[in-house]
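See below for the structure under consideration.
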Amino acid sequence: MIIVALGAWVLRALAFFQGSGPMGYPLDYDEGVYFSAASLLLRGDLPYRDFIFVHPPGGLLLWAPGAALTLGLDAATAYGVTRYLAATVGALCVFLAGRVAWRAWGPLAGCVAALAYATYPEAALVERGTFLEPLLNVLCLGFANLWLAPGPHSRARRIGAGVLLGLAISVKIPGGLWLVAALCARPGKESWRHALLPVLVAFATFAVVVGPLAALAPSEFFRDVITFQALRPYDGEPDRWRLHDIFHERRLGEVLLALVGLGTACVRAFRARPEHRPAARLFACAFILSVVLFLTSRTYWNQYNAHLAASEAVLAGLGASVLQAFSVRWGRAASRAVAVLVLAAACLPGAWHVVQSGQRQDLDVMALAKYLRADVPPKACLFSFEPGWALAAGRLPMGATPIVDGYATMLQDAMSTGDRFDDTAEALSAPEAQQALRVMLDSCRFVILGGRGTWQLTPESLPWFKQRFVRRFPPGDTGGVDLWEHR
């Protein structure tokens, strides 16, 4: 398991050894939001009270060690170091996935689960930055390792499982699905009294992590974390494409093994001895509940599949062990051949996609970062439609009320009237959203527009913007991420 985990770290970190270093690898919108928010939190700007943040604060607190580097280092340097930390979290997920499968179904299952997670394309992508999914996965897999550990469940182990689960829910509300899955997977001999302690500890942990920040701005917390997520307009992949993305052919071998494992888990849920049910039940329930959530959610992007890796990879390990056990009847040679085939299937073609994704470089952002450092005063107001673009130049959101998540801020402005919108584009075009955006832009000296800014501005607002701002970078009419200065 350790060797596979180290290999997974290398697969993720290879993206940072290109010519431009860790900051040359493209920054996603979400990771820029989370790291900027964590950095501001350490400076006294609190989520919900001082800026909009649409998740519980657990992720900000857990990424705080990386964000703390911004207190002594340039923000870009700090984020570059934190990217290596994210790859380490991914490697730990690989180890935990393999360990729980090995313990439940044997060495082949453990190796397949570890390889499947290590080469899961969406997981590798998010484990190169400060996303929420790596934290969610490592906490859920850590919980599963404690919950499913053999032998009598000691009080300390049940408390530890509850703490990890509570932290998972404090990172992202869907972490609560693992609580439901765990209760469904409860061993037959275990009493509800024993299961109650981890549940109570999980809720207590959630309250301790979330409570202080929520108490400082209760209405804003409820608006951002609950109301926004429940009523936000549809965004991301259309419903008809989601199932294809969830079972995408870039993970073909692993998906097939996971489906075999899922079918086996469903059969064992009713036919196996009670003590043999919990692991299969837990991961099958977690996988099914996650898929249902993705199919019914108001917003879905394929990077969300990264959370599926935690359950899907372990189910692939179960599927591999079942196929290998079935092949034993054909002789030792056939059994060994099947073992080799399932090991290859677990990491193909996912490994190729992971390697390919690691070769991407965002040279436009690197050029912009160089210009910002040389020609934009450090204390000048700078707003970036993508927080990662400013972060690449060592800049964090500024102002008395910093805009960390411009996308969510505009949606909140549009939804504040009580209107409901069919999709995000309609909400962003609402007069309330555009007017608030204009006020914010007019108060800032520099704006990084780029493709996202062009998308968020309506055809009416874009001419208004160009009347008040002049383009400074890049020169001429060349494309790329562009910087504008107030006239």
Answer yes if at least one residue in the stretch 233-253 is of a type in the set (A, V, I, L, M), under 19 Å from V112 (Cβ atoms) and within 24 Å of the chain's Cα centre (by Cα), and no otherwise. yes
So, of the residues in the stretch 430-457 that are closer than 23 Å to D28 by Cα and assigned to a loop (DSSP other than H, G, I, E, B), which turns out to be nearest to the chain's Cα centre (by Cα)? L449
Restricting to the stretch 295-304, and then to whatever is in contact (Cβ under 8 Å) with a residue 24 or more places away in the chain and out of contact with any Phe, Trp or Tyr (no Cβ under 8 Å at 6 or more places or on another chain), can you tell me which residue is farthest from V4 (Cα to Cα)? L295
Identify all residues within the stretch 312-352 that are under 15 Å from A104 (Cα atoms) and either in contact with a His (Cβ under 7 Å, 6 or more places away or on another chain) or without any contact (Cβ under 8 Å) to a residue 60 or more places away in the chain (or both); write none if there are none. L315, A325
Give the stretch 114-170 a look and list any residue that's over 27 Å from C347 (Cα atoms), touching a Pro at 6+ places or on another chain (Cβ under 7 Å) and either free of Cβ contacts under 8 Å to residues at least 24 places away in the same chain or not small (G, A, S) (or both), or say none. R158, L165
Are any residues in the stretch 106-120 assigned to a loop (DSSP other than H, G, I, E, B) and either touching a strand residue (DSSP E or B) at 6+ places or on another chain (Cβ under 8 Å) or β-branched (V, I, T) (or both), and if so, which ones? T119
Complete set of residues in the stretch 414-433 that are touching a Leu at 6+ places or on another chain (Cβ under 8 Å) and either within 18 Å of P387 (Cβ to Cβ) or modelled with pLDDT of 90 or more (or both): A414, M415, T424, A427, L428, A433
Here is a check on your reading of the model: is A113 among the small types (G, A, S), surrounded by fewer than 24 Cβ atoms within 10 Å (Cβ to Cβ), in the same structural domain as Q229 (by TED's automatic domain parsing) and in contact with a helix residue (DSSP H, G or I) (Cβ under 9 Å, 6 or more places away or on another chain)? no
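Kindly state which helices (runs of 4 or more DSSP H) lie completely within the stretch 1-101 and contain at least 2 residues that are touching a Ser or Thr at 6+ places or on another chain (Cβ under 9 Å) and more than 21 Å from I403 (Cβ to Cβ).
By residue number, 2-13, 58-62, 64-67.
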Does at least one position in the stretch 207-222 carry a residue that is modelled with pLDDT of 95 or more, in contact with a Pro (Cβ under 9 Å, 6 or more places away or on another chain), buried (at least 24 other Cβ atoms within 10 Å of the Cβ) and in the same structural domain as A310 (by TED's automatic domain parsing)? no
Can you tell me which residue in the stretch 434-450 is nearest to T417 (Cα to Cα), limited to those that are at pLDDT 90 or above and of a type in the set (A, V, I, L, M)? L441
Return yes or no: is A123 at pLDDT 95 or above and in a helix (DSSP H, G or I)? yes
Output the residues belonging to the stretch 136-150 that are buried (at least 24 other Cβ atoms within 10 Å of the Cβ) and under 14 Å from F95 (Cα atoms). N137, V138, L139, C140, L141, F143, A144
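The values are calculated or read from the model by the stated rules, or taken from the named source; none is laboratory data. Note that the coordinates shown come from a computational prediction; the quantities given were computed from them, not determined experimentally. Note that each Cβ is placed from the backbone with ideal geometry, even for glycine, and that neighbours are counted across all protein chains shown.
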